[in-house]
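Heads up: the structure comes next, in structure tokens.
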Amino acid sequence: GGMEKIKQHTFALAHYTYTVLSTLKYANGAPVVRIYSDTDFSNPDVQGPVINFNVLDENGEVIGFSQVDKMASLYNIHVRTGCFCNIGACQMHVGLSSEDIRRNLQAGHVCGDDIDIIDGRPTGSVRISFGYMSSFEDAQTFLKFIMSIRLSKLDTEVPFQSSVTKLTTKSVPDDHASFNNADKLSPIPDISDKELGNNLSEAEVTLNWQLPEAEAESIRAAVSETAVPTFRRGGEPITVTNIFLYPIKSCSAFEVTEWPVGNQGLLYDRNWMVVNQNGVCMTQKQEPKLCLVNPSIDLKKNIMVIQAEGMDPISVSLEENTGKEAVISESKVCSHRVKTYDCGERIADWFSEFLGRPCRLIRQSSDMKNRLHQKNTKGLASAANISLSLVNKAQYLLINVASILQLKEHISARLEEPLEIEELIRRFRANIVISAPESFEEEEWAEISIGVLRFQVVGPCSRCQIICIDQQSGERNKEFLQSLSATRGRKTSFGIYLMNQPLHSSFPDILSVGSQVLPVLKENTEIQPPTSSEEKCSG
């Protein structure tokens, strides 16, 4: 039937989805989404098959598009987010002035990042699009996704069913023959109560328990040089409980009790990565089996040993290949370009056999270290001289056991099965694990000292679907990201990124389990004085 039938088909899907989205409300009557449109979706000649919107909470506050994007990926739904290369339309519909755009840029917001809320206002929105291969089942999958993450069954049952009835009888224009093709477009299949129950049972926890919203910010400012490290209320000491490095990006952790610290972070942390036949970095998002690859570093023998079930161990020298045969090439980590070289056919064959697809192991070249790519980095002197390994954001990631324990309670309740604390720690793939008295108090820190090492906090870690992967089995369970979103309110952040100034000594410092952590609080945080002489920090 050509483009005309495609237009009518895709418009029917968009109109159906638009109508249902428009009727979704919380128990208090507040809308679940805010739709941005210049039309009322009544005419396919002036409205294309796209819907632009933001998800709202019960109080009418926008939930950031980056969180919606991450949750959608758990349902195999691909959405586009941001301003869609159309800042003018974004300003008009979201309500941003030119001065707001300038302030957002000064705050570090750039196209394609995760900074979705600044000063309580959205920086963009979410967009879904339909094509000629899309079906009503696809539309319903999207609608069930929105309902499952925001509503209880009681909130959605009536409006959804009534919307289906209205659409079946009223939404199809009589003068478009393609709309009346019973085989293709009608009847619209209902979503059963059972399906709704299965998809919405978890959302009741979301509505009943939320922490206050954390302020959305790209980089947290460090306090002044004269600030004094201070314990929190009660003065209980904070210590390092675990240290992990990940020699091969997205592969299993290598746990140590003490480890040298270099100019890029923990020595050999994420110095290697697996790439596909096109040279693109592979992560657990595309290949969960990577978590079953166990690399370990032997500093005495100067080798990295790689093991996996059903495979013979294989070793790689820690000495960098600087010979003429080493071909330096350019690879990408997220959006950053890095210089790397190939580790050879033997190791490439090993990974290809284990993963069942052609791939290679490459290593970062010391000739061109990945520089810090953060905007407006306050408190980090000589930021241009700070280099990164093959990490995504920063040199170190820190998590707090107390925060893990609080999250564990809610995930266990939703899964209706017990969880081991060690399993959760490994899911969050941190470098430094600490034991602090209060959950999430690490989010109030501007910097920390561990022994002679001083770290500055450069922002929260926004989590993706990798935390849904069991690091011991490679199995996925989307409940983990959903639970994190539910317990943290609107954000999926967990843990904090740290940066360390380049070392001036030729000898690396050592980070050790059991070391005391001395935090410096952010300027706007109330400082609780020590209650006894035993609780004062020493140099």
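Just so it is clear, none of the values below were taken in a lab; they were calculated from the coordinates. Nothing here was measured: the structure is a model prediction, and the numbers come from that model. Cβ atoms come from the backbone with ideal geometry, glycine included; neighbour counts cover every protein chain shown.
Here are the numbers:
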quantity	calculated
Inter-site label distance for Asp349 and Thr241 at 7 Å from Cα along Cβ, in nm	4.5 nm
Sequence ranges 284-297, 32-45, ranked by mean other-Cβ count within 10 angstrom, highest first	284-297, 32-45
Computed label-point distance, nm, for sites Glu475 and Val305 using a 7 Å Cα→Cβ extension	2.9 nm
Protection-proxy order for peptides 256-262, 343-349, 426-432, each taking the mean of Cβ atoms within 10 Å per residue, highest first	426-432, 256-262, 343-349
Stokes-Einstein D in µm²/s, Kirkwood radius over Cα pairs - segment 1-102 at 10 °C with 1.306 mPa s viscosity	103 µm²/s
Relative contact order %, segment 1-52, counting alpha carbon pairs below 8 Å whose residues are six or more apart	41 percent
Pairs from Lys7/Lys478; Lys285/Lys408; Lys144/Lys491; Lys408/Lys491; Lys5/Lys478 whose Cα-Cα separation, in the structure shown, is over 27 Å	Lys7/Lys478; Lys5/Lys478
Inter-part distance where segment 252-324 and segment 28-87 are each reduced to a Cα centre, Å	40 Å
Net charge of Cβ neighbours under 15 Å - reference Arg357; Lys, Arg +1; Asp, Glu -1	0
Ordering of 271-282, 84-95 by burial proxy (mean other Cβ atoms within 10 Å per residue, highest first)	271-282, 84-95
Net charge over other residues, Cβ less than 11 angstrom from the Cβ of Arg463 (K, R count +1; D, E count -1)	+4
